[in-house]
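Read the structure below first, then the notes.
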2 protein chains.
Amino acid sequence: MSENRLFGVIIAGGRGTRFWPLSRKARPKHLLNFLGETTLLRQTAERVLPLTGAGRLFVVTAESQADEVGKILTDIPPQNILAEPAGKNTAPAIALAAAHIIDEDPNGIMIVLPSDHIIEPRDKFMADVEEAARLADTRRALAIFGIRPTRPETGYGYIEVGQKLDGHAFGVASFKEKPNLKKAKDYLATGRYLWNSGMFVFRADVYMEKVRRHMPKLFTAWERYAKGNRGAEDLNEYYAVAEAISIDHGIMEKLEGEAAVIAAGFNWSDIGSWDATDDLWAADEKGNRARGGDLFPMAAEGNTVVSKKLVALLGVENLIVVETDDAILITKKEKAQEIKNLVQEMERRGLHRYL
Amino acid sequence: MSENRLFGVIIAGGRGTRFWPLSRKARPKHLLNFLGETTLLRQTAERVLPLTGAGRLFVVTAESQADEVGKILTDIPPQNILAEPAGKNTAPAIALAAAHIIDEDPNGIMIVLPSDHIIEPRDKFMADVEEAARLADTRRALAIFGIRPTRPETGYGYIEVGQKLDGHAFGVASFKEKPNLKKAKDYLATGRYLWNSGMFVFRADVYMEKVRRHMPKLFTAWERYAKGNRGAEDLNEYYAVAEAISIDHGIMEKLEGEAAVIAAGFNWSDIGSWDATDDLWAADEKGNRARGGDLFPMAAEGNTVVSKKLVALLGVENLIVVETDDAILITKKEKAQEIKNLVQEMERRGLHRYL
């Protein structure tokens, strides 16, 4: 494309309960910098800014996080930070951004990225995005990045790859829900499945066509918002009407032949829980990892520790230990996925001040 | 005895490395109050004061701890706090106290107690001490309290019980070093062995007779100290000469027919390591125990936690977790005895500021 029609849309709505006690309601995962020099949100912005420029980068976030997002992304126009009055999952959030993008360029192409993934190297990411953008433009496809699975992960959706289109692009034979372990192993064995990364590239107008067809109620609310003066009242009304539904369930799974998957050439992690840090942080010779303070392991293996204090581990294995100013979490790595249940239970018991 | 000739001698010299990170060099176990309303030292004093009165209670402690001991035992005369310039184990420490006791009463009877044990109920303890004192006086015996074993403990010395003397008193057939597990099981099975509690009752002059016979070098140094003006220089000289040896190895094991054991009627714990708190602290229905802050266990059993923070435990079992201002320890209960090795290793690596 000779003319730049790319727009970035960062979806920064997550609560990140799986990284409790470091992540909190007011300090979700993408606002933390425990995985690099900067926050995950800033890392995500840096990844897409070379493609779009600051003026064409949007962020959809929660009202409670909008100020903090603005402090991290001082280079983008304040009006590009879209603050949701209610969390309604990704389909309405992406439509909201689409309204603003279509204003600026009716042929605009959206790069939709969660705010809290780790991707490298950046040049491969940029090349794949450009390939996806061509596909989105020439075929009017909704393109999704698929990640080659390295393990029978049960925490992700899968994409069954269909016929080859061109380059690294394929049709989508089907979308699969998060599988059980047996199914995940089957998917891995066939070699015909990719992980659903939750990252998309499509024309804004094409996305809205699909919304009109598959989520007509949302489309009606969206049209009213898009054609109105877009004040707080209009936004509240849009969010009051919008169904809370993901782009995957609301749109992608209903497409036939209009979805395309790009087999990603970059490395990707959604760092969905503490155990994912195993792939990101350097370990000592016994597989122990630490961030923050000093670790003193003795007959201890495979532990991951986040604390500003000296942490002495004696004869323990595969623990996750996270200390903050007011709380300490201790669990096993194999239980890392269940931290969200722990947080839910704490909420139910009224321990709000720790959440 | 119509006339009170009882003197208390609290041996408060321990480092308590097994309770790291709560216990430190400058804050050993007996100066902590984590096991009750008051410090273990104060609890020990309260136990013996009704028998001796404040004027006849002595404490032998390290120079570095003398100020803190004085703050805890404000009711005893300051000159009764004997500060050792060097740690030389119990035989020299008890002899030091004996010098001061013989001054006050040549027929004085010493009740020698470690500063950091838990004993209850107090009335049974007092009755046993009085029985031991009669034995010590009438038979000129060195009496030791033996504890009926409840498990094949390998961390204590054992006393083989000999012929019955009277009441709960028996001759000592032999003293046994800390056994291995097989031996400990044998001792337990025979029913003829008691745990060595490290608590003694004897006449001060009788103890010094035994020192003269079995530790003549110490006796010579002691005589010089006892007959001198007992200034700092004299004390330093005594400790420079004194061999570092326990009363058990230096004296008790060498006695033949002069040692007696009282089978204690009281409950006793030397709370030698964190796992001993299992017998002292109330647990929730899953066997989790906490001191300090809130505990939030989920699928967690048998853990013991000391922290001022909220500690969330997810799917972990039989852990000991101790948090202080600058350090966190995490280990398994079965490794509690090895914390002293951990502390030694930290010392070797130069981590003095945590010790």
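How many angstrom separate the Cα center of the stretch A:1-71 from the Cα center of the stretch B:49-72?
62
Could you tell me, in Å, what Rg and Dmax come out for the Cα atoms of the stretch B:1-139?
Calculated on Cα positions, Rg and Dmax stand at 14.7, 47 Å.
For the stretch B:296-327 and the stretch B:121-179, what is the separation of their Cα centres, given in Å?
The stretch B:296-327 and the stretch B:121-179 have Cα centres spaced 38 Å from each other.
Could you give the radius of gyration (one decimal) and Dmax (whole number) of the Cα atoms in the stretch B:122-208, in Å?
13.5, 39
Among A:Lys88, A:Lys178, A:Lys227, which one shows the biggest mean-square fluctuation in a GNM of chain A, springs joining Cα atoms closer than 10 Å?
Its mean-square fluctuation being the largest, the pick is A:Lys227.
Under a 5 Å amide H to amide H cut-off, with H placed in plane at 1.01 Å, what residues pair with A:Phe34 once short-range neighbours are removed?
Close amide H contacts, sequence-distant or interchain: none at all.
Any number yet on Rg/Rh for the protein assembly as shown, C-alpha, Kirkwood?
Numbers: Rg = 36.1 Å, Rh = 30.5 Å.
Rounded to two decimals, Rg/Rh equals 1.18.
Report the dimensions of the stretch B:209-280 along its three principal axes from the alpha-carbon atoms, largest first, rounded to Å.
Reported extents, whole Å, longest axis first: 47, 33, 18.
Grab the alpha carbons of the stretch A:6-269, take their convex hull, and tell me the volume per residue in Å³.
On the way: hull volume 31.7 nm³, N = 264.
Looking at the stretch A:6-269, the number lands at 120 Å³ per residue.
Nearest 20 debye, what's the magnitude of the dipole of the stretch B:6-269 about its Cα centre given +1 on Lys and Arg Cβ and -1 on Asp and Glu Cβ?
Details: 34 positive and 33 negative charges, 182 e Å.
The calculated dipole for the stretch B:6-269 is roughly 880 debye.
Tell me the angle of helix A:216-227 to the major Cα principal axis of chain A, expressed in degrees between 0 and 90 and rounded to the nearest ten.
It works out to around 70 degrees.
Once you keep just the Cα pairs under 8 angstrom separated by 6 or more residues, what percentage relative contact order results for chain B?
Taking the mean separation of contacting Cα pairs over the length of chain B, I get 19 percent.
Give a quick list of GluC sites (Glu not before Pro) in the stretch A:1-59 that DSSP marks as loop, anything other than H, G, I, E or B, with at most 16 other Cβ atoms within 10 Å.
A:Glu3, A:Glu37
What full-extension length gain, to one decimal in nm, is calculated for A:Arg348 and A:Thr154 as 0.36 nm per residue of separation minus the Cα-Cα distance? Could the numbers behind the result be given before it?
Values: separation 194, 0.36 × 194 = 69.84 nm, distance 2.62 nm.
Computed gain between A:Arg348 and A:Thr154 is 67.2 nm.
For the stretch B:274-354, report the convex hull volume of the alpha-carbon atoms normalised per residue, in Å³, without decimals.
Each residue corresponds to 91 Å³ of Cα convex hull volume.
Only loop residues by DSSP count here, and only those with at most 10 other Cβ atoms within 10 Å; note down the GluC sites (Glu not before Pro) in the stretch A:236-295 that meet that.
Working: sites: A:Glu237, A:Glu243, A:Glu253, A:Glu256, A:Glu258, A:Glu285; in loops: A:Glu243, A:Glu256, A:Glu258, A:Glu285.
Filter output for the stretch A:236-295: A:Glu256, A:Glu285.
What's the average, rounded to a whole number, of partner chain beta-carbon atoms within 10 Å of each residue's beta-carbon in B:314-320?
Values: counts 12, 8, 7, 1, 0, 3, 2.
That works out to 5 on average.
Since every read-out is calculated from the coordinates, none of them should be taken as a lab result. Note that this is a predicted model, so its numbers are computed, not measured. When we count neighbours, we look across all protein chains shown, and the Cβ atoms used for this are built from the backbone with ideal geometry, even at glycine.
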